[in-house]
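A quick write-up on the structure given underneath.
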Amino acid sequence: MLVFSCKEQVSDTSEEVATTEAESGHPSLVLTKKGVRDIRANLGNIPIFDKSLAETKAEVDAEIEVGILVPVPKDFSGGYTHQRHKQNFYMMQKAGVLYQILDDEKYATYVKDMLMAYAKLYPTLPVHPQTRSYARGKLFWQCLNDANWLVYSAQAYDCVYDWLSQKIVMF
């Protein structure tokens, strides 16, 4: 088998390698370290972004005031437990992004506390009690919703990964 490339071979200098290594790590799923630096550098310069950031901050701050709520699942779409778990994954993801942009530990703490609450609850759960779906999840009545929860939660975890590594010892 032969492999060809149209890209010209460029040798890495030690400076390029150091930059690449510094940019690797977390966050890396949706945000990157460079992206976060660029966002921070432009705060106050893009009114529509600043407005969205303020609205998101107010929304997450209000959820932090409510506290961590991870009820035992029992409802279909639209029911309290379904909506609460859905709200949780959205808020975790937003809090993770806020932590990266604002460098405020209260958002990282919120993500950590929420993940720890789920880590305690999840192993105790059987499949969801609603049997309408052939592919039930544990948090939601269909596993597709559980997959959505995992995507948003993974993004939140990615945003606080380095903070967690410095603050707590995992297991």
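The values are calculated or read from the model by the stated rules, or taken from the named source; none is laboratory data. These numbers were taken from a predicted model, which means no experiment stands behind them. Please note: Cβ atoms are built from the backbone with ideal geometry, for glycine as well, and neighbour counts cover all protein chains shown.
Checking the structure you have, find out if any residue of segment 98-115 is in contact with a Cys (Cβ under 6 Å, 6 or more places away or on another chain) and in a loop (DSSP other than H, G, I, E, B). Scanning segment 98-115, I find no residue that is in contact with a Cys (Cβ under 6 Å, 6 or more places away or on another chain) and in a loop (DSSP other than H, G, I, E, B), so the answer is no. In the set LYS74, LYS94, only one residue is touching a helix residue (DSSP H, G or I) at 6+ places or on another chain (Cβ under 6 Å), crowded, with 20+ Cβ neighbours inside 10 Å and charged (D, E, K, R); that residue is LYS94.
Among the residues of this structure, SER165 counts as one that is surrounded by fewer than 20 Cβ atoms within 10 Å (Cβ to Cβ), out of contact with any Cys (no Cβ under 8 Å at 6 or more places or on another chain), modelled with pLDDT under 95 and closer than 30 Å to LYS34 by Cα. Within segment 107-148, the set of residues being polar (S, T, N, Q) and over 16 Å from ILE64 (Cβ atoms) comprises THR124, GLN130, THR131, SER133, GLN142, ASN145, ASN148. Listed by first and then second residue, the pairs linking a residue in segment 77-103 that is farther than 19 Å from TRP163 by Cβ to a residue that is charged (D, E, K, R), with Cβ atoms under 7 Å apart and 6 or more places separating them unless they lie on different chains, are THR81/LYS74; THR81/ASP75; HIS82/ASP75. Applying the criterion of being part of a loop (DSSP other than H, G, I, E, B) and in contact with a Leu (Cβ under 7 Å, 6 or more places away or on another chain) to the residues of segment 64-97, the residue that is modelled with the lowest pLDDT is PRO73. A single member of VAL66, VAL60 is in contact (Cβ under 8 Å) with a residue 40 or more places away in the chain and within 16 Å of ASP113 (Cβ to Cβ), and it is VAL60.
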